[in-house]
Every structure is written in structure tokens, then in C-alpha cells.
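Before any comments, here is the structure.
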Amino acid sequence: MSSLQPALPYKYPRVFWIMCLGAMSFFLSFNIILPELAQELRSKGGAAYVGWIIPAFSFSALIARPFSGWITDNLGRRWAMIGGCLFCIIAGCFYPMVTTAMGFLIVRAIHGFSTGFTPTGFTAFTADVVAESHRGRAMGWQGMFNNLGTTIGYALGAVIALHFGVDILYYTSAALASLAWLLFMSLPETRTKSNRKEFVFNIRNLFYFPAWRPSFIMFLVCISLGSILTVMADFTLEMGYTNKGLFLSIYIGASLLFRLISGRVSDALGRAWSTAIGTAAQVLSMSILVYMSIRLNHLHQTDCAACELPGLIWFASSAILYGIGQGFNAPSLFAWASDTADNHHRGRALAMLFMFLELGIIVGGLTANYFIKGMSWNYVGIFGLSGSAFLIALGFSLYCLRYQHQK
């Protein structure tokens, strides 16, 4: 247990809050450009590759994840955090320079290395400086700052692009990553030193298999995230709402509200209880989206001018339930993975979790492309697949609960 942990476990040290501010700035830096990327790629002749905006980012993050775990455990938490920020800064400066679709996707892939490194470092840092009995709540606070960065990014990015242009938006992204870099530089190193023999690099040391249970659940719940990031802007417009980020804003807002509650549930009742609640909420969310998609298809097929689509209550309810699920799942899964490892292996345990997160996003994004019907999406198939993945995750959470596999 790190010497930086507070004497009373419910008090978080000052360095924890500095880390949270750095994490918020980091998440803000790469989410602020997200709403504009599809249009930017189309303007460079890459309309056929819009579905690769998320997978290109996630593929490189996936490649970086196991190495980030090794770096976090053997070189230090700060090295992983700072290294990821540098990739963000480089990408933000290069986006305005590319003129082709291929160049754009290459920069997008370089940008993805940032999330392959930084979150592994600061999540391990959180686990180091907060007592295990309050780790779920700490992950909830950390996730709240991450989500604040994401939410502000979605809202602020469109405003900056509208009034100052996309190039200024990219440079703003680089500036925010630089701020995160400065905040992370001010943090102490929390990795405890051990025998030098443990620093030998080999492929087996890149993975930490005791964390496979939370990693498997993470994979299942992130399939929907890849799909939603790919299609939700178009679905929102087809439902008659002009704000393309409406669903994302509502679900992130709900997630923020429930993260601190879920952390207490996770600490008091166990990680599997929390993920069972979260995945159950998301099964309901996907069920509502499937219903709305069926109604949308019926309207298109019958061309009925008098027919009405499900209203805002249905749309918002789905987003709120999805956010509740995210609010329960994320802190619990990060705490669960942290629980499986000691200080010398925590980076690899969290890297394993992040690897499955990226795999889920990639599968969700690519399968969304599989469900293209002509010039439109097959929303029933996309949301139905996501709902099935949540149902499997719910069943596995209940299995872990029944057989006491929380660790």
C-alpha cells in the first residue's frame, strides 16, 4: 500500500484530485474534436471510410494497451500518463496538415496511442493512493472527471469549430493535452521498487490473466459503445432531433449522477452486484432503441405522413438507462481489475481490462458497418446485437455473484 494513502480511507489525498483534473483535461482534448471528424473525413474524399474513425483510433490503442501495462508496472505510472499525452499533442498538431483521407486515418491511428497509455497510468495511480475498501468510490470520482471532459468536449467542440474553424479546434485539442501533461508531471511516482529481475521484458509479462473476468464483461458492454459512437448521430437526426450529440449528452449526464452511488454499491456489496445492476439497465436501454428502430422502419416502409415516431420521453429514457449502466459498470470493472493485482502487477491488470475495452469498441464499430442497408443503417440489427451482448454480460455477472468470483 502506497505511503501516499490517507490516514482515513474516506479522505482522498491532494495528488488524487490533481490526477483527476489531468484526466479531465486529457479526455477533453480528444473528445472535443470527435463531433467534427466525420465531416472532416468526408471533405477529404473519405466518405466511404467514415465507419473507420472509431476503429482506427481503437486499433492503435489496443496495440498500445499491453505495453502500457508493462511500462506502468516497470517504469512508473507517470511515464505512461505523460507518454500518452505526447501522442495527443502530436496528433492535434498534425490534423490540420493532412489533405487526404488516408493521411487523416493515419493521424487518427497515431492519436489512438494516447488512450492506449495514459488511462492505464492514471487508473493504476488511483488504485495506489486510495485504500482498497474505498477503491470503487475513487474510481467513480475518477470516472466522473473523465466524463466531464467528454461531455464538455462534445458541447464545446462544435462551438469552437463554428466560430473559429476546425484548425483552431485541433490546436485547442493539443493545448488541452499539454495542460494534462503538465498536471501529470507534477505528480509523484507511486510504483514501489522491486527486484530488478522483474523488469525483464517478455511477451508473457504483457498480460495479466487473473483479471479475465472483469475484462470479459468489459468487452461485452463496450460492443454497444463502438456501435453507438458510429451510428447514434445519424439515428438522432432520423428521429427528428437536430442536436446530433443529444443521446450522448443525456447518457453521460446520467452516468455522472450515478457513478458515486455505484461506487458505494461496489464497495459495500461487491463488484459483480454493481455490474449486474448496470448491465440490466443497459438491456432495457437497448430494448427501447430496438422498439424505436422498428417504429422508424415502419414509418419508412409505409411512408405514412400521419404516423408519429416515439417521442423524446422514449429517446431520453433509453439514454438515461444507458448512462445508469455505464455509471455502475465502469467504476466497478476498474476496481475489480485492480483488486486482482498487487502494486507490481496492477498496471498489467488494468491494461488487460483496457485491451478488452478496445476490442469491444472495435467489434461494435465494425459490426455496425456490417449492418449498413444501402445508404442507411439497420438500426434494429445494431441495437439488437448490443442488447444481446448486455444480456450475456448480465448472466455472467450473476454467475460471478453466485459463485463468489468477485476477485
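The values are calculated or read from the model by the stated rules, or taken from the named source; none is laboratory data. Please read these numbers as outputs of a predicted model, since none were measured by experiment. Heads up, the Cβs are rebuilt from the backbone with ideal geometry, glycines too, and the neighbour counts pull from every protein chain shown. Note: areas computed on protein heavy atoms with side chains; ligands, DNA, RNA excluded. Shrake-Rupley method; radii C 1.70, N 1.55, O 1.52, S 1.80 Å.
Summary of values
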{"read-out": "Kirkwood-based Rg to Rh ratio, the range 1-147, C-alpha trace", "value": "1.06"}
{"read-out": "Whole-Hz couplings from phi, Karplus 6.51/-1.76/1.60, listed for the range 63-72; x for Gly and Pro", "value": "4, 6, 3, x, 5, 5, x, 5, 4, 4"}
{"read-out": "Trp212-Val15 pseudo-label distance in nm [points 7 Å out on the Cα-to-Cβ vector]", "value": "3.4 nm"}
{"read-out": "Nearest-ten-degree value, helix 135-164 long axis tilted from longest Cα axis of the chain", "value": "50 degrees"}
{"read-out": "Mean Cα-pair separation over length for the range 1-138, i.e. relative contact order, pairs under 8 Å, 6 or more apart, %", "value": "38 percent"}
{"read-out": "Relative contact order of the chain, defined on C-alpha pairs under 8 angstrom at six or more residues apart (%)", "value": "27 percent"}
{"read-out": "For the range 123-134, Karplus couplings with θ = phi - 60° (6.51, -1.76, 1.60), whole Hz, Gly/Pro x", "value": "6, 5, 4, 4, 5, 6, 9, 10, 4, 4, 5, 10"}
{"read-out": "The chain: angle of helix 246-269 to the longest principal axis, Cα-based, in degrees nearest 10", "value": "40 degrees"}
{"read-out": "Furthest towards positive pole of dipole, Ile32, Ala272, Thr99, structure part the chain, Cβ charges", "value": "Ala272"}
{"read-out": "Sulfur and carbon atoms: percent of accessible area, the chain [1.4 Å]", "value": "69 percent"}
{"read-out": "Overall form of the range 207-335 per C-alpha gyration tensor (a/c, 1.5; a/b vs b/c)", "value": "prolate"}
{"read-out": "Cα centroid separation, the range 351-371 to the range 50-85 (Å)", "value": "15 Å"}
{"read-out": "On Cα atoms only, tilt of 14-31 relative to the major axis of the chain in degrees", "value": "30 degrees"}
{"read-out": "For the chain, size of Cβ-based charge dipole, Lys and Arg +1, Asp and Glu -1, in debye", "value": "1060 debye"}
{"read-out": "Cα-based convex hull, the range 38-115, per residue volume (Å³, whole number)", "value": "69 Å³"}
